[in-house]
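Below is one structure, written out as structure tokens; the observations come after it.
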There are 2 protein chains.
Amino acid sequence: MANYSSRRETILKVLRSTKSHPCAEYVYEECRKSIPNISLGTVYRNLAMLEQSGDVIKVATVDGRDRYDGDTSTHTHLICTRCGRVIDIDISSELALALEQERANNDYQYIQLNFYSLCDECKQSENKQTI
Amino acid sequence: MANYSSRRETILKVLRSTKSHPCAEYVYEECRKSIPNISLGTVYRNLAMLEQSGDVIKVATVDGRDRYDGDTSTHTHLICTRCGRVIDIDISSELALALEQERANNDYQYIQLNFYSLCDECKQSENKQTI
DNA sequence: GAAAAAGTGATAATAATTACTATTTTTTGA
DNA sequence: TCAAAAAATAGTAATTATTATCACTTTTTC
């Protein structure tokens with residue numbers, strides 16, 4: 001069904017080479033560095049295809065923009081309630097185990113766990129302001 | 001800062017009286033039953049205010065539409081990978097405890113846990129089709 | 001290597017959400 | 001109680017992320 005596409009390969013490479021969980025616009029700008037005439041529509045189309053094929057996940061929608069992740073393994077995110085940054089975080093092995101058990105017991109396909117809080121950068125700037 | 005507003009009260013009532021985690025459009029249609037000339041902009045503005053004040057949470061974005069929940073207590077959702085329905089589900093007490101511990105230990109503000117799978121209705125129709 | 005299938009760039013269209021503004025509702029405080 | 005100030009609203013226009021379209025190019029098939 002799906003042919004090979006050099007654009008798709010580049011888009012996937014961009015997503016796998018960052019931990020920033022970027023939106024389509026960011027992926028587009030990164031791709032333009034090596035493929036100057038790639039179009040934004042191509043990025044959107046391929047992100048949808050890559051999501052469909054399970055090579056990429058749509059991890060959250062922040063400020064109206066969909067955010068993508070090239071890491072499809074089960075992992076947890078911190079979403080900053082101020083700046084919207086999406087950050088990978090570690091969780092206790094007890095929690096990881098309980099999550100996986102709940103998933104398996106109920107035959108759920110996959111899990112999305114987000115904690116919300118200020119990220120380190122926003123905590124910093126918050127401190128500066130209040131001192 | 002915020003005055004009283006009968007529209008806001010109605011919007012909150014609508015959200016608290018459903019378990020369907022509706023989008024703004026649904027809230028708007030429900031409100032129109034008692035306030036025929038309420039405007040969609042008012043619904044959006046008040047949903048944002050209610051989210052800000054913590055009376056409502058934005059629980060997910062499904063098919064490009066933000067979905068709201070009038071139940072602000074920590075609870076878990078099943079999101080149907082076919083129809084997009086958002087459904088409250090129970091989790092084991094072990095998982096609930098591990099989640100709360102992780103939250104407290106790291107001083108996270110709040111948690112959002114979503115499992116993805118077919119909902120019961122979509123499982124049903126899937127069965128019908130494949131037999 | 002030619003026909004068929006899939007992908008692309010450029011651009012137009014769609015649709016959810018936000019902004020704007022004249023008017024109305026609510027609050028304030030004398 | 002009531003008039004001025006503050007906040008909210010309806011109606012509508014503007015914005016913006018995303019999707020659709022289509023003539024053309026790349027990839028696959030056989």
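The values are calculated or read from the model by the stated rules, or taken from the named source; none is laboratory data. Keep in mind it's a predicted model, so treat the numbers as computed, not measured. Glycine also receives a Cβ, built like all others from the backbone with ideal geometry; neighbour counts cover every protein chain displayed.
Being facing another protein chain (nearest Cβ under 9 Å) and under 12 Å from the mean Cα position of the chain (by Cα) is the filter; apply it to region A:75-97 and report the residue that is surrounded by the most Cβ atoms within 10 Å (Cβ to Cβ). Top of the filtered list is A:79.
Residue A:1 meets all of the listed conditions (1) over 29 Å from residue B:48 (Cβ atoms); (2) within 14 Å of chain B (Cβ to nearest Cβ) but one, namely (2).
Could you check region A:58-74 and list, in sequence order, the residues that are more than 10 Å from DNA strand D (Cβ to nearest atom), free of Cβ contacts under 8 Å to residues at least 40 places away in the same chain and within 14 Å of chain B (Cβ to nearest Cβ)?
Listed by number, the residues that qualify are A:72, A:74.
Return the pair list, or none, for Cβ contacts closer than 7 Å from residues in region A:5-23 that are under 18 Å from residue A:41 (Cα atoms) to residues that are within 13 Å of DNA strand C (Cβ to nearest atom) and part of a loop (DSSP other than H, G, I, E, B), at least 6 apart or on different chains. What qualifies is A:7/A:35; A:7/A:38; A:10/A:35; A:12/A:55.
Note on region B:1-15: residues that are part of a helix (DSSP H, G or I), under 24 Å from residue B:109 (Cβ atoms) and near DNA strand D (Cβ under 7 Å from one of its atoms) total 1. Residues in region B:62-74 that are crowded, with 18+ Cβ neighbours inside 10 Å and at pLDDT below 95: there are none.
The set of residues in region A:24-57 being more than 13 Å from DNA strand C (Cβ to nearest atom), within 14 Å of chain B (Cβ to nearest Cβ) and surrounded by fewer than 18 Cβ atoms within 10 Å (Cβ to Cβ) consists of A:51, A:54.
For region B:6-23, a residue qualifies if it is within 12 Å of DNA strand C (Cβ to nearest atom) and more than 14 Å from chain A (Cβ to nearest Cβ), and the qualifying residues are B:6, B:7, B:8, B:9, B:10, B:22. Name every residue in region A:97-122 that is part of a helix (DSSP H, G or I), more than 25 Å from residue A:52 (Cα to Cα) and in contact (Cβ under 8 Å) with a residue 12 or more places away in the chain, in order of residue number. Hits for region A:97-122 are A:121, A:122.
Looking at this structure, is residue B:78 at pLDDT 95 or above and out of contact with any strand residue (DSSP E or B) (no Cβ under 9 Å at 6 or more places or on another chain)?
Values: at pLDDT 95 or above: yes; out of contact with any strand residue (DSSP E or B) (no Cβ under 9 Å at 6 or more places or on another chain): no.
For residue B:78, the condition - at pLDDT 95 or above and out of contact with any strand residue (DSSP E or B) (no Cβ under 9 Å at 6 or more places or on another chain) - is not met.
Looking at region A:98-131, which of its residues are at the interface with another protein chain (Cβ under 8 Å from one of its Cβ atoms), out of contact with any Lys or Arg (no Cβ under 8 Å at 6 or more places or on another chain), surrounded by fewer than 17 Cβ atoms within 10 Å (Cβ to Cβ) and of a type outside the set (S, T, N, Q)? Scanning region A:98-131 gives A:107, A:116. Taking the numbered list (1) touching a residue at least 40 places away in the same chain (Cβ under 8 Å); (2) within 16 Å of DNA strand D (Cβ to nearest atom); (3) hydroxyl-bearing (Ser, Thr, Tyr) in turn, residue A:34 passes all entries but (1). Being within 16 Å of DNA strand C (Cβ to nearest atom) and on the phi > 0 side of the Ramachandran plot holds for only one residue in B:69, B:63, and it is B:63.
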